[in-house]
Structure formats: structure tokens, C-alpha cells
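Asks: For reference, the structure I am asking about is given below.
The values are calculated or read from the model by the stated rules, or taken from the named source; none is laboratory data. No experiment lies behind these values; they were computed from the predicted model shown. Glycine also receives a Cβ, built like all others from the backbone with ideal geometry; neighbour counts cover every protein chain displayed.
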Amino acid sequence: MRTYLKNLWIAKAMKYPVATQLLVEMWAPLFLALGWTAYNLYQDAGLRNLKGSVTVFGPTFFLICWGYSQWLRVKKQLRVEGGLTGIEGRLEASIRNFDEKTAEVISRLTGGDGFCYLTLLKGKGTYFENKAVLIADSSYSLFDLEVTIQEKTDKPHDWNNPFEGKSTHRIGELKPNQASLKKFDLEFDNISSRYFFIDFYARNGRWRQELLIVSNPGEERSIATRVERDQKILYEYVDHDFPRNAAGNVDWILKLKLNKVDASSD
């Protein structure tokens with residue numbers, strides 16, 4: 001019987017939606033107004049007629065209806081705002097997730113903010129003669145990588161041969177967190193100090209490395225190097241025995257406007 005009445009109510013509600021909604025919103029004010037009218041008729045015998053009953057019931061019913069409708073309106077508004085807040089939160093999460101996925105795809109295609117640098121090969125605490133290796137510091141592969149090595153010398157520039165002393169190496173792809181098997185001959189035998197500028201070009205942009213090599217007679221060779229992109233230091237390494245100035249700093253050749261170091265010297 002209960003199921004039958006429930007199904008009947010649903011059918012009627014679907015057939016007469018406006019009347020059903022009015023009934024839902026007005027049944028409480030109706031019973032409250034009837035109760036207040038009955039109380040007043042019980043208290044005042046002079047109101048026990050049609051005019052008195054209508055005079056009490058009419059204003060009471062409409063006042064209660066107005067107050068109850070305001071309560072229903074605010075309740076519905078809060079529910080709608082809560083739903084919109086939830087939708088907004090899910091939409092923001094979706095957009096954030098989409099941005100992260102897009103950035104991930106772009107990074108995989110371009111190399112992201114990764115970079116690489118040259119360093120001397122070292123074994124048993126001693127740097128090998130003349131040999132350098134390319135090391136990637138990146139979570140993604142670097143594509144279309146090209147390395148240009150140029151040495152800073154005191155010789156006058158020969159305008160007839162502008163590329164003298166400059167060597168360019170096309171690496172192609174360099175895997176993340178790996179060292180390139182290609183070795184670079186920096187040719188610094190029997191020379192106390194050498195200063196190299198190394199420019200890197202890849203799909204994700206350009207950066208520059210400064211590599212300082214010092215070899216004093218009777219002492220092991222030591223290096224200082226740092227990598228810069230857009231006036232920001234990406235990597236810096238200085239051997240503990242590398243010569244420093246009176247202030248205890250390395251005399252870098254490039255003078256950067258911003259000198260914020262992200263990786264501390266070892």
C-alpha cells in the first residue's frame with residue numbers, strides 16, 4: 001500500500017508539477033495558519049463567524065507563506081551556491097591537472113628546464129689529461145643539442161678567420177641524467193691556466209658555461225665552473241684548492257647582473 005501511494009504521488013507530481021510544488025511549499029503555512037486561527041477563535045468568541053475567521057486566517061496565512069518562502073529561497077540558494085562551489089573546485093582541479101599534463105608533454109618534447117655542462121674526467125682524485133665529458137642535469141632528454149667551445153686568450157682577434165679557436169659539436173639527443181660518451185679535447189697540456197666559454201643550444205633554449213682550469217707546477221690540476229641561463233646560475237662547482245682572490249671568491253670572467261646560486265659549491 002505504501003509503495004502504491006508513493007508511486008501514485010510521483011505520477012501526480014510529474015503530471016502536475018506546479019501544483020505539486022505549491023503543495024510542497026504551502027502545506028506547512030496552511031496548517032500553522034489554521035492552528036493560529038483556531039486558537040484565536042477559541043480565545044475570542046466574537047471572532048467565531050466567517051468574517052472574523054477570514055480576518056484572522058488570511059493575513060496569518062500569507063505572512064507565514066512569505067516567511068516560509070524566504071526560508072526555502074535562501075535554503076535553495078545556499079544549495080545552489082554549494083553546488084557551484086563544488087563545480088568550480090572540480091573545474092579548477094581539472095584545469096590545473098590539464099596544465100600539468102600540458103607542461104609535462106611540452107617538457108618531454110623540448111627538454112623542459114634541463115641543461116647540461118662539460119666537466120673534466122677524473123679518476124683516483126686526478127683529472128685525466130685533456131679529456132672532458134658532457135653531463136646532463138635534466139629530467140627530460142635534450143634535443144637538437146649543439147655545443148660550441150671557445151677559449152679566452154690574450155691573442156688579438158683575427159677578422160680574416162672569425163672562427164679560429166672555436167669548435168662546434170652537434171650532439172643531437174642527450175638522455176636525462178646521463179653523461180655523453182663523446183669526449184671533448186680541450187688541449188691544455190703544459191699550460192698553467194685555460195679559460196673556456198661553452199655555449200649550448202638545444203630545443204629548450206640557450207645557456208652558457210664558464211670553465212676555468214688551473215694547473216700549477218708540481219700541483220694537481222683544479223677547476224672551477226658554473227652554468228648560467230638568463231642571468232641565473234643553474235650549476236656551480238669549485239675545487240677546494242682552486243685559487244681565489246683576497247675576498248675568497250673565484251675571479252669569474254663573466255660578470256652577471258644576477259648572481260643567485262641554486263646549487264652550492266662543493
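Asks: If you take the residues of segment 229-266 that are of a type in the set (Asp, Glu) and under 15 Å from Arg208 (Cβ atoms), which of them is modelled with the lowest pLDDT?
Replies: Among those residues, the one meeting the criterion is Asp230.
Asks: Can you tell me which residue in segment 192-210 is farthest from the chain's Cα centre (by Cα), limited to those that are at pLDDT below 90 and within 22 Å of His240 (Cβ to Cβ)?
Replies: Ser192
Asks: Here's something else I'd like to know. Determine whether segment 100-117 contains at least one residue that is of a type in the set (Phe, Trp, Tyr), closer than 30 Å to Tyr201 by Cβ and in contact (Cβ under 8 Å) with a residue 24 or more places away in the chain.
Replies: Yes; the residues of segment 100-117 include at least one that is of a type in the set (Phe, Trp, Tyr), closer than 30 Å to Tyr201 by Cβ and in contact (Cβ under 8 Å) with a residue 24 or more places away in the chain.
Asks: Another one. Go through the residues of segment 49-66 one by one and say whether even a single one is exposed (fewer than 11 other Cβ atoms within 10 Å of the Cβ) and either modelled with pLDDT under 85 or hydroxyl-bearing (Ser, Thr, Tyr) (or both).
Replies: yes
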